[in-house]
1. Restricting to region 265-284, give me the number of residues that are at pLDDT 95 or above and assigned to a strand (DSSP E or B).
2. Residues that are closer than 23 Å to Gly54 by Cβ and assigned to a loop (DSSP other than H, G, I, E, B): does region 297-306 have at least one?
3. For region 199-230, which residues satisfy the criterion of being within 13 Å of the chain's Cα centre (by Cα) and not in a loop (DSSP other than H, G, I, E, B)?
4. If I ask for residues that are crowded, with 16+ Cβ neighbours inside 10 Å and at pLDDT 95 or above, which ones from region 84-103 would you list?
5. Tally the residues that are under 19 Å from Pro281 (Cα atoms) and more than 15 Å from the chain's Cα centre (by Cα), restricting the search to region 73-89.
6. Kindly list, by first and then second residue, each pair from a residue in region 44-68 that is under 19 Å from Val268 (Cα atoms) to a residue that is outside any strand (DSSP E or B) and basic (Lys, Arg), limited to pairs with Cβ atoms under 7 Å and residues at least 6 apart or on different chains.
7. If Ser173 satisfies all but one of (1) over 15 Å from Ile233 (Cα atoms); (2) within 16 Å of the chain's Cα centre (by Cα), what's the number of the condition it fails?
Amino acid sequence: MHRFTRKWAWSMNLLVAVSAVAMSGTAVAEESEQPVPTLAGSGCEPGGRLFAPGEISLPDRSEYRLSFAPDGKTAYYHVDAATPPYQAIYVTRLQDGHWTPGEVVSFSGTYDDSDPFVSPDGQSLYFSSIRPVNGVPREDYDLWVVRRVGNGWGTPEHLGPAVNSPRHELYVSVTTDGTLFFARGTFDSDFEIHQARRDGSGYAAAQNLGRGVNSPDTWEYNPWVSPDGRFLIFASLWRPEGYGLGDLYVSINLGGTWMPAVNLGPSVNTEKDEFHPSMSPDLRRLYFVRQTWDPFTPSDFYQFDTRCLWR
């Protein structure tokens, strides 16, 4: 199949998947106060546009992994900073069309915590951390969860050995049925995306997603999965068809098999490094991190109207 025909076919499949999720009751467009860019003018500029400059995206620090509560009015992200806490999870709220100054969440700020993800029902928040397990220090990142308790969060719970390993587990995402998607690997070798399904009160052993998503010659990481598990957006490094160091890709789940991933194209990806994708609860906006390495500049969040993918 001609590569442009193949890309069009996958774009249509993604559009169907996004539309199905939005119509299933996941969308909260009526409740969200976030401004939605139009398709005309600046709404579809290549590469998207900076998200919440001066409010969330701040100079002189790096922000990573943005995740929204179901109503779209509360967002979590993590910050790498030169002063304590060096790596912590922050929360911000939308008020009168602006995002409030980020505050470190109750369970973060002591250990290096990263990659927050709010479950589709808003009752759990998953994250990566290098914090001790049962009092034993660790040198690799594991996956943890906190549960909603009243208006706050409970005590972090380690997700156990079926999910975690001696390697790093990072950037977890979860479907409505509780299936986890995350990257596993080491910075000295590579990363690949895995999933772990619920099994009673715990999880079955994690499984590699296979060659539709992962490649032996590149890194695959930062998965964001749709609530129904029908499509996956992720970052990959060094793919030959890429536009920069890291690009965003999408794969569709057909009958339990992840189809060969397709680059989201120059409307999103640039010659810089794009990674850490996520989507708004109503699926109208794609969010991601853009980084410049040479010369180094701190990363910021960008947003992109998903309808621009079909133009």
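1. Matching residues across region 265-284 total 6.
2. As a first pass, look at region 297-306 and keep what is closer than 23 Å to Gly54 by Cβ: 297-305.
Applying the additional criterion that residues be assigned to a loop (DSSP other than H, G, I, E, B) yields none.
Scanning region 297-306, I find no residue that is closer than 23 Å to Gly54 by Cβ and assigned to a loop (DSSP other than H, G, I, E, B), so the answer is no.
3. First, the residues of region 199-230 that are within 13 Å of the chain's Cα centre (by Cα): 220-227.
Glu220, Tyr221, Asn222, Pro223, Trp224, Val225, listed by residue number.
4. Keep residues of region 84-103 that are crowded, with 16+ Cβ neighbours inside 10 Å, which gives 85, 87-92, 94, 99, 102.
Matches in region 84-103: Gln87, Ala88, Ile89, Tyr90, Val91, Thr92, Leu94, Trp99, Gly102.
5. 2
6. Cβ pairs passing all conditions: Cys44/Arg311.
7. Going through (1) over 15 Å from Ile233 (Cα atoms); (2) within 16 Å of the chain's Cα centre (by Cα) one by one, Ser173 breaks only (1).
Yes/no per residue for (1) surrounded by 16 or more Cβ atoms within 10 Å (Cβ to Cβ); (2) over 24 Å from Pro116 (Cβ atoms); (3) touching a strand residue (DSSP E or B) at 6+ places or on another chain (Cβ under 9 Å); (4) not acidic (Asp, Glu):
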residue	(1), (2), (3), (4)
Gly212	yes, yes, yes, yes
Trp219	yes, no, yes, yes
Pro223	yes, no, yes, yes
Phe231	yes, no, yes, yes
Phe234	yes, no, yes, yes
Leu237	yes, no, yes, yes
Glu241	no, yes, yes, no
Leu248	yes, no, yes, yes
Thr257	no, yes, no, yes
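The values are calculated or read from the model by the stated rules, or taken from the named source; none is laboratory data. Only a predicted model underlies this, so the values are computations on that prediction, with no experimental measurement involved. Because the Cβ atoms are built from the backbone with ideal geometry, glycine has one as well, and the counts that use them run over all protein chains shown.
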